[in-house]
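Below is one structure, written out as structure tokens, with a few remarks after it.
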Amino acid sequence: MKHLTICLILTLINLVSFAQTKQDTTAIKQATLDYIESQHSPNPAQMERALHPRMVKRTFWKDKATGKDYLRETSADFMTLLAESYNLKGDKFPTSPKKEVKLLDISERTASVKLIADDWIDYMHLVKLNGTWKIVNVLWQYNDIKQH
């Protein structure tokens, strides 16, 4: 019985020492929202705030000439430019865009998030560096994969 009690106490101490804080949860959600909202209302500074400079965004794509699938990559620099220009006319998103953030896993310095937007799904990895959560990886797809 003593052995079981000691194991239980050690497990609880371990969980408490590595559990995310409410501030971490809020900051992770905010980085995710900055990513999508910077595209809704063109705001490159907001996008830059969300991304680590070495972020890579990937998706699968189909080459129209060959019919073969390949992996397509986008950089943080491109995403910042996209946030500046993608929705300048205000016609790329509905009036009330969908932006559902699901926290899949959070540890002390890493997190996995699923963002469900209007036409696509983004799976993201975030890292906490120098006290700030940044998106480092994005894997996305259209809801209708025929759009790829």
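Across the range 110-125, the qualifying residues are those that are of a type in the set (A, V, I, L, M, F, W, C) and under 8 Å from the mean Cα position of the chain (by Cα), and the one among them that is farthest from Arg54 (Cα to Cα) is Leu115. Would you confirm, using the coordinates I've provided, whether Arg49 is modelled with pLDDT of 95 or more, of a type in the set (Lys, Arg) and touching a helix residue (DSSP H, G or I) at 6+ places or on another chain (Cβ under 6 Å)? Yes: the conditions hold for Arg49.
In the range 105-123 there is at least one residue matching the filter, namely being touching a residue at least 60 places away in the same chain (Cβ under 8 Å) and surrounded by fewer than 15 Cβ atoms within 10 Å (Cβ to Cβ).
Among the candidates Leu88, Leu33, single out the residue that is over 17 Å from Gln141 (Cα atoms), at pLDDT below 95 and not hydroxyl-bearing (Ser, Thr, Tyr).
None of the others qualify; the one that does is Leu88.
For Met55, the conditions (1) in contact with a helix residue (DSSP H, G or I) (Cβ under 6 Å, 6 or more places away or on another chain); (2) of a type in the set (A, V, I, L, M); (3) modelled with pLDDT under 95 all hold with the exception of (3). Taking the criterion of being modelled with pLDDT under 95, farther than 21 Å from Gln46 by Cβ and in a helix (DSSP H, G or I), would at least one residue in the range 134-143 satisfy it? Looking for residues that are modelled with pLDDT under 95, farther than 21 Å from Gln46 by Cβ and in a helix (DSSP H, G or I), one finds none in the range 134-143, hence no.
Yes/no per residue for (1) buried (at least 16 other Cβ atoms within 10 Å of the Cβ); (2) in contact (Cβ under 8 Å) with a residue 24 or more places away in the chain:
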residue: Gln39; (1), (2): yes, yes
residue: Leu51; (1), (2): yes, yes
residue: Lys62; (1), (2): no, yes
residue: Lys68; (1), (2): no, no
residue: Ala76; (1), (2): yes, yes
residue: Met79; (1), (2): yes, yes
residue: Lys89; (1), (2): no, no
residue: Pro94; (1), (2): no, yes
residue: Lys98; (1), (2): no, no
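Within the range 48-70, the set of residues being assigned to a strand (DSSP E or B) and either touching a Cys at 6+ places or on another chain (Cβ under 8 Å) or farther than 16 Å from Ile121 by Cα (or both) comprises Leu51, His52, Pro53, Arg54, Met55, Lys62, Asp69, Tyr70.
The values are calculated or read from the model by the stated rules, or taken from the named source; none is laboratory data. Keep in mind the model is a prediction, meaning the values are calculated, not measured. FYI the Cβ positions are ideal-geometry reconstructions off the backbone, even for glycines, and counts take in every protein chain you see.
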